[in-house]
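Quick notes on the structure that follows.
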Amino acid sequence: LLMRRVVAKADCIHSVSRQMTAALASRGARKATIETFQYGVDLAAFRFALGERRAETVVWSRGLREFYRLETMLRAWPAVLARRPRARFVVTQHDASIDRWKALADELGIADSVAFVGRVSHEELAETLRRAAVWVSIPPSDGAPLSLLEAMASGALPVVSDLESVREWVDPERAVFVGTVDAEHVADAVVRGLELAGDGAHAAANRRVVEERGDRRLNLPRWERLLMRAASHTV
């Protein structure tokens, strides 16, 4: 009820995805008040080089909380290693206790191929993604995550939950969607992602999507204009 009152009275609303815009409209928001765009990423920082991705590095730059399903990914990793023994899994976040996940990696016998590097600098993340073959994100719901745009801009092939909001950005021919998020299906998806990432054929097209719709340099002025429009309605 509160959401319906708020969106019905709002003069300006910012939405990061078409799915979110439709949900806002269904709750009473006037379509003329909604601006739909993602803030975008710094394409000068998140660069990539064309070519093969043979390192077999898989990157996780989402979160450690239950919502993101890191446990499912870790339980999938032994099956990934069985088929891709040179694969390496890098976890770059530290928004919750990491001890539990390190203990699980030890229990599963995968600690030697999993690196919990914690929160890294903007520059380090960009370099990690630039070297990566695959980037994984498997939460049960999502908006238009900046981390997805960072990975696409850097050339890492996305392995992602099959969500409407993610499909707004990702072409199935240049990514792997996970319909059933359990260890078996995630392992299959990651292995498939490593296979597809090998020749780097996906990278330029994925980068182009971010350049066209997710460039922070172009999108922040839209945000400024939206704020100015909202300010003009204040009394």
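Here are a few things to note about the model shown:
For (1) assigned to a loop (DSSP other than H, G, I, E, B); (2) without any contact (Cβ under 8 Å) to a residue 24 or more places away in the chain; (3) within 19 Å of ASP188 (Cα to Cα), each residue gets a yes or a no:
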| residue | (1), (2), (3) |
| --- | --- |
| GLN93 | yes, no, no |
| LYS102 | no, yes, no |
| ARG119 | yes, no, no |
| GLU123 | no, no, no |
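- Residue within segment 186-205 that is over 26 Å from LEU70 (Cβ atoms), in contact with a strand residue (DSSP E or B) (Cβ under 6 Å, 6 or more places away or on another chain) and in contact (Cβ under 8 Å) with a residue 12 or more places away in the chain present: no
- Considered as a group, the residues in segment 42-70 that are hydrophobic (A, V, I, L, M, F, W, C), open to solvent by less than 20 Å² (accessible area, probe 1.4 Å) and within 22 Å of VAL181 (Cβ to Cβ) include one that is modelled with the lowest pLDDT, and that residue is LEU64.
- Meets criteria (at pLDDT 95 or above and in contact with a helix residue (DSSP H, G or I) (Cβ under 8 Å, 6 or more places away or on another chain)) for PRO85: no
- Within segment 73-89, considering residues that are open to solvent by 30 Å² or more (accessible area, probe 1.4 Å) and assigned to a helix (DSSP H, G or I), the one farthest from LYS102 (Cα to Cα): ARG83
- Close pairs from segment 221-234: first touching a residue at least 12 places away in the same chain (Cβ under 8 Å) and among the aliphatic types (A, V, I, L, M), partner open to solvent by 50 Å² or more (accessible area, probe 1.4 Å) and not in a helix (DSSP H, G or I), Cβ under 8 Å, at least 6 apart: LEU226/GLU35; ALA230/ASP11
- Failed criterion for VAL6 (all others in (1) open to solvent by 70 Å² or more (accessible area, probe 1.4 Å); (2) at pLDDT 95 or above; (3) among the hydrophobic types (A, V, I, L, M, F, W, C) hold): (2)
- ILE98 over 20 Å from VAL191 (Cβ atoms) and surrounded by 14 or more Cβ atoms within 10 Å (Cβ to Cβ): yes
The values are calculated or read from the model by the stated rules, or taken from the named source; none is laboratory data. In this text the structure is predicted, and so the values were computed from the model without any measurement. Every residue, glycine as well, gets a Cβ built from its backbone with ideal geometry; the counts of neighbours run over all protein chains shown. Just so you know, the surface numbers come from the protein's heavy atoms only, side chains and all, with ligands and any DNA or RNA stripped out. Shrake-Rupley method; radii C 1.70, N 1.55, O 1.52, S 1.80 Å.
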